[in-house]
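Here is the structure we will look at.
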Amino acid sequence: MVGARNETPRRVSLLGATGSVGQSTLDLIARQPDAFDVIALTAHRDVAGLAAAARQFSPEVVAIADAACYGELSAALAGSGVRVLAGPEGVVEAAATPADWVMAAIVGAAGLAPTLAAVRQGATVALANKECLVCAGTIMTDAVAAHGATLLPVDSEHNAIFQVFDQSQPDAVERLILTASGGPFRTASLAEMAAKTPAQAVAHPNWSMGAKISVDSATMMNKGLEIIEAHHLFNMPEARIDVVVHPESVIHSMVAYVDGSVLAQMGTPDMRTPIAHTLAWPARMAAPSPRLDLVAVGQLRFEAPDPLRFPCLELARAALRDGQAATVALNAANEVAVAAFLAERIGFCDIAEVGAAVLAEVKGWNCASVDHILEIDGWARGRAEAVAAAQPARRTVTSAAD
Ligand code: NDP
């Protein structure tokens, strides 16, 4: 049991400590300070957030990915005794610092190298960064096996499946059923969606999350990436992974067995529950998430996702069927497109168009190594920028027609 007085504190590191998942993890750690020793904390550019966390949790080392922030971070931690690293290689070094448990919560493909470093030190890796599995699923699961690491899914859907998946008889599992809230535009028409602003897209009805994943929820690319993630985590073919829209976000996902049983994990939409599950695993620890009151919820609804309004779902399925080059390219194109949308350079519906255009170009490409992944990722980002730059004219026409 985590927190038991006579137990050695668990040595924990957080990659992406300043983000939404990182902060929720620190919130849980702060509630049981004797149970954990914080070893490494990392961020991208948020010097103030990283320095505040370092002052509170006294890690051995911190790393800031943007090397230009090194001086400011060093000054902020002067006299603290915390070792300061900088640059992407500094983040990898922090991830490789020996720890029992590492939270992988960097957003995007930037999380791949640090997460692999955590896996290679044989740690228990709590994986929030789904883009790692999307880009390098087989490389990641092979590395987990080769280095004796353990991968625990943090994403609420995959954590739910993990909790009800009978590992002793995987052949008895017929299907995985991922639930999706449907996001803020679940009932919007295509014309309405085309005119949506970044502020509207990040206003998720149920979950409080970082900007990128919130936009991914609005396009349902998030669910598409989760299909790819589930495929790698649970060794399940794409055709046996279903998606059902469930607006209340009470059932976080389900496993259907060959005898007709369907097991679900439920709870309120608070990431501290799945994070706590991985932080204490295989034990359980208390989390302050609001308790589920099914009577107050009243009813649970389910709908099929609309492929016309949410084309990103099928894009992700097509990429998974096509292979790793396609999933890498789609992920990179989506990151570029979401950033362009958040910067108001393209419209909401253009996000899927950018992904589709880049995906069409990589059909059948080979991608078997980390070098290949980085090459295809870089190429896809360039192509996506070019496609995005060509979008505004079309967007104006769409807006005028609304
Ligand atoms: P946030 O945007 O809130 O946080 C991202 C974190 O990554 C920050 O610490 C950020 O640092 C750091 N970061 C960003 N870019 C880089 C980079 N290039 N190099 C190193 N570090 C970087 O994201 P979330 O916490 O919402 O999501 C993190 C991951 O977890 C994503 O992959 C997401 O899909 C997944 N996830 C999130 C959920 C949620 O509820 N938020 C639920 C399930 C999965 P800085 O603050 O300095 O920018």
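Brief remarks on what is shown
- Pairwise Cα inverse-distance average, inverted: Kirkwood Rh of the stretch 309-388 (Å): 12.2 Å
- Counting only Cα atoms, the stretch 241-335 measures 41, 32, 31 Å along its principal axes, largest extent leading.
- DSSP loop GluC sites (Glu not before Pro) with at most 15 other Cβ within 10 Å excluded, longest remaining stretch of the chain: 8-343
- Volume per residue that the Cα convex hull of the stretch 1-115 spans, once the total is divided by residue count, Å³: 91 Å³
- Cα pair count fraction exceeding 16 Å, expressed as % - the stretch 41-107: 38 percent
- Annotation: lysines with alpha-carbon distance below 23 angstrom to Lys196 (same-chain offsets under eight excluded): Lys212, Lys223.
- Reduced Cα scattering model of the stretch 97-230, Debye log10 I(q)/I(0), q = 0.09, 0.13 Å⁻¹: -0.31, -0.62
- In angstrom, the C-alpha Rg and Dmax of the stretch 242-288 are 12.8, 36.
- When the stretch 130-248 is described by a simple charge dipole with +1 on each Lys and Arg Cβ and -1 on each Asp and Glu Cβ, the residue from Ala136, Pro247, Val202 located farthest towards its positive end is Val202.
- Measuring with a 1.4 angstrom probe and ignoring ligands and nucleic acids, Asp322 comes out at about 50 Å² accessible.
- Whether the stretch 86-165 is rounded, prolate or oblate, judged on the alpha carbon gyration tensor where a/c under 1.5 counts as rounded: prolate
- Each principal axis of the stretch 150-285 carries a Cα extent, and these read 49, 34, 23 Å when sorted largest first.
- Net dipole in debye of the chain [+1 Lys, Arg Cβ; -1 Asp, Glu Cβ; about Cα centre; nearest 20]: 460 debye
- What the pair-distance distribution of the stretch 1-68 shows, using all Cα-Cα distances binned every 5 Å from zero, is 4, 18, 29, 24, 13, 7, 3, 1, 0 percent.
- Loop-located trypsin sites (Lys or Arg not before Pro) in the stretch 285-377 (DSSP state other than H, G, I, E, B) with a sparse environment of at most 13 neighbouring Cβ atoms within 10 Å: Arg291, Arg301, Lys363.
- Quotient of Cα Rg and 2.2 N^0.38 Å for the chain, N being how many residues it contains: 0.96
The values are calculated or read from the model by the stated rules, or taken from the named source; none is laboratory data. This structure is a prediction, so every number in the text was calculated from the model and none was measured. Every residue, glycine among them, receives a Cβ derived from its backbone with ideal geometry; neighbour counts consider all protein chains shown. Only protein heavy atoms, including side chains, enter the accessible area calculation; ligands, DNA and RNA are left aside. Shrake-Rupley method; radii C 1.70, N 1.55, O 1.52, S 1.80 Å.
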